[in-house]
Amino acid sequence: MAVAMAVAGCGGRATTHHKPGTSHQEATGSSGTLLSARDEGGHRLRELPAADAPTVRAVARPDSEGGWNVHLTVERFRFTPESTGGAALPGRGHARLLVDGRETGRLYGPWAYVPAGVRTLTVRLHADDHTVWAAAGTPVQTTVRLDGTPASSFPAPSSAAASTSAPATSAPSTPPSSVPASRRPTVPRPPDPGRTVTLTVTGTTVSPPPSRIELKKGDRLTLRVTSDRADTLHVHGYDRELPLSPGTPATLTLTADRTGLFEVETHESGLVLTQLVVR
């Protein structure tokens with residue numbers, strides 16, 4: 001029988017800023033023009049003139065423990081986690097991360113971590129009422145291939161800026177079969193993916209039931225969590241957090257580099273999902 005261990009949350013509950021009985025999108029929709037178009041997650045687009053719309057760029061850098069650290073550069077926009085759920089005000093809101101086309105969580109600041117194995121990451125800007133900022137009918141977003149090379153973004157760079165790029169060049173290549181094995185480049189082995197634990201939160205029930213995960217110091221662990229409500233995962237002792245979106249699997253990877261007993265819980269629902277025992 002599934003048993004949930006409820007404890008006091010480690011942070012206060014977020015508040016919504018609209019009247020009871022109204023949706024986020026109906027709360028204060030006076031900013032921009034609310035379009036009928038929706039993104040993959042069902043969020044309606046909120047149109048702004050191109051001159052007023054925010055912009056976003058992303059650069060991915062390899063992390064020493066595997067995966068990627070992603071840095072965002074935004075213009076005419078600031079992250080406002082304290083007012084999420086409130087009015088749609090120009091230049092305010094949060095970002096949502098889409099990994100290989102699937103939404104995995106929210107971002108309330110300019111940095112994000114993406115685990116190894118991901119091919120593309122899209123960062124999309126949302127208003128505080130969860131609508132998508134848009135211009136010319138297109139969501140304000142950027143996509144990077146995880147070699148750090150921009151794949152696409154909106155708005156796109158001007159043609160004048162694009163023309164300054166150096167043209168690609170090619171050189172004659174030698175067929176690999178004609179190169180001695182001793183002179184062929186060594187392909188680095190991918191990092192050990194470690195252990196993956198999948199957890200599901202439905203109401204106040206955690207599946208599988210909360211237990212202890214035994215790890216050795218230096219082990220890598222990936223937590224894959226799906227919650228039926230918006231929440232934040234927190235790994236005590238490691239100070240790692242992960243935003244959870246309803247029904248969307250989210251992953252957090254860490255290296256167990258300190259010993260002890262550490263609880264993994266959710267902020268909003270105040271549930272202990274599991275405990276890490278590192279020896």
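The values are calculated or read from the model by the stated rules, or taken from the named source; none is laboratory data. The model shown is predicted, which means the values in this text are computed figures rather than measured ones. With ideal geometry, Cβ positions are generated from the backbone for all residues, glycine too; neighbour counts draw on all protein chains shown. Only protein heavy atoms, including side chains, enter the accessible area calculation; ligands, DNA and RNA are left aside. Shrake-Rupley method; radii C 1.70, N 1.55, O 1.52, S 1.80 Å.
Projecting the Cα atoms of V277, T232, P249 onto the charge dipole of segment 217-279 (Cβ charges, centred on the Cα centre) puts V277 farthest toward the positive pole.
Taken per residue, the accessible surface of segment 28-109 reaches 46 Å², heavy atoms only and a 1.4 Å probe. Here r is the Cβ-Cβ distance between S207 and E241 and R0 is 30 Å; the resulting FRET efficiency, rounded to 0.05, is 0.90. Here the Karplus curve 6.51 cos²θ - 1.76 cosθ + 1.60, taken at θ = phi - 60°, turns the phi angles of segment 267-275 into couplings of 5, 6, 7, x, 9, 7, 8, 6, 10 Hz, with x standing for Gly and Pro. If R0 is taken as 25 Å, the Cβ-Cβ distance between E268 and D100 corresponds to a FRET efficiency of 0.40. For the pair E65 and T196 in one chain, pulling the backbone fully straight at 0.36 nm per residue adds 45.6 nm over the alpha carbon distance.
Using 0.36 nm per residue and subtracting the Cα-Cα separation, the extra length available between R76 and T120 on full extension is 13.3 nm.
Using only side-chain charges placed at the Cβ, +1 for Lys and Arg and -1 for Asp and Glu, the dipole size of segment 200-253 relative to its Cα centre rounds to 220 debye.
Each residue of segment 69-84 was assigned a 3J(HN,Hα) from its phi angle through the Karplus expression (A = 6.51, B = -1.76, C = 1.60, θ = phi - 60°), giving 9, 10, 10, 9, 10, 10, 10, 6, 7, 9, 7, 10, x, 5, 10, 4 Hz with x at Gly and Pro. Pop out the carbon and sulfur fraction of the accessible area of segment 20-143 as a percent, whole number, probe 1.4 Å. That share works out to 53 percent. 3J(HN,Hα) along segment 230-235, derived from phi through the Karplus expression 6.51 cos²θ - 1.76 cosθ + 1.60 where θ = phi - 60°, amounts to 5, 7, 9, 7, 9, 9 Hz, with x in place of Gly and Pro. Per residue, the accessible area of segment 215-279 comes to 38 Å², computed with a 1.4 Å probe over protein heavy atoms only. Here is the list for segment 83-138: trypsin sites (Lys or Arg not before Pro) lying in DSSP coil, each with at most 12 other C-beta atoms within 10 angstrom of its C-beta, are R119.
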